[in-house]
Amino acid sequence: MSEIDKTIARIASYRDQLEKAPGTWPAKRELARSVRQLMDCLCATDAPEEELLAIADQVRVSAERFQTQPRMTELPGVAEGSLAGGMEMFMDRSPIVGRSNPLAPPVTLDPDHHAKIVRGEVFFGRAYEGAPGCVHGGFVAAVFDEALGMACVFSSMPGMTGEITIRYLKPTPLEVPLRLEARFDRQDGRKIYNSGELYAGDLLVAKSHGVFISIPREKFEALRQAQLERKGQSEA
């Protein structure tokens, strides 16, 4: 089995295991889903002031209750698809694809080894509005960053974003199912060149090119160690 096959198999295994996981992570997804619903409602509500303040009190009580709960002493894996193959992934925490992270729309991404394409879907609710009825361009860029990053799997090397460019061809509509494709184009030394497109139905709304820099596993371990040291200093 090639390194590409192994990495794609690990992605599939991770998803399968997480789907079957009991307890905490499914509960986190349910909570994240509720927070997304709250965010979506808040951005479009015309509720009276007393209702808004009453809900704010409820949220504040929940947040204060949450602060007393134990924290994970060591976060599992990494939350970014571009690092597939370099470190163990745990993308449920991702701000783009993480089903347990209410910041994420979330995006679904699936690598197709035979076609050498990452295919994805995303639905942006009202919390992501920029121009009227349109997705804010920064979130479009973030989706491309994640999708093109995952396409690094087809180079058999993990990478970190060096440069990404976006061409916004049409306004990207809110509350419409969107689909995207990302692919590995070529590699030149440590530079991995990927590209992708975002569609609303059959309409091409944006396209992107990215350059990712392959990083040795030792660098990832150094980043993780620095994170743990910062955490230790903040808790001292």
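The values are calculated or read from the model by the stated rules, or taken from the named source; none is laboratory data. As the structure is a computational prediction, the values presented were derived from the model and not from experiment. Positions of Cβ are backbone-derived with ideal geometry, glycine not excepted, and every protein chain shown enters the neighbour counts.
Observations
- Qualifying residue in segment 212-224 (condition: modelled with pLDDT of 90 or more and closer than 22 Å to Pro106 by Cα): no
- Scanning segment 111-133 for residues that are farther than 19 Å from Gly201 by Cα, out of contact with any Cys (no Cβ under 8 Å at 6 or more places or on another chain), modelled with pLDDT of 95 or more and of a type in the set (A, V, I, L, M, F, W, C) yields one hit, Ala131.
- Residues in segment 134-171 that are at pLDDT 95 or above and assigned to a loop (DSSP other than H, G, I, E, B) were compared, and the one that is nearest to Gly196 (Cα to Cα) is Leu169.
- Once segment 105-133 is narrowed to residues that are assigned to a loop (DSSP other than H, G, I, E, B) and without any contact (Cβ under 8 Å) to a residue 12 or more places away in the chain, the residue that is surrounded by the fewest Cβ atoms within 10 Å (Cβ to Cβ) is His114.
- Selection status of Gln67, at pLDDT below 80 and either among the polar types (S, T, N, Q) or touching a Gly at 6+ places or on another chain (Cβ under 6 Å) (or both): no
- The residues of segment 136-165 that are surrounded by 19 or more Cβ atoms within 10 Å (Cβ to Cβ), more than 15 Å from Arg190 (Cα to Cα), among the β-branched types (Val, Ile, Thr) and touching a Ser or Thr at 6+ places or on another chain (Cβ under 8 Å) amount to a single one, Val140.
- Pairs, first buried (at least 16 other Cβ atoms within 10 Å of the Cβ) in segment 195-219, second β-branched (Val, Ile, Thr) and part of a helix (DSSP H, G or I), C-beta under 6 Å, six or more apart: Ala206/Val140
- Scanning segment 35-61 for residues that are among the polar types (S, T, N, Q) and surrounded by 12 or more Cβ atoms within 10 Å (Cβ to Cβ) yields a count of 2.
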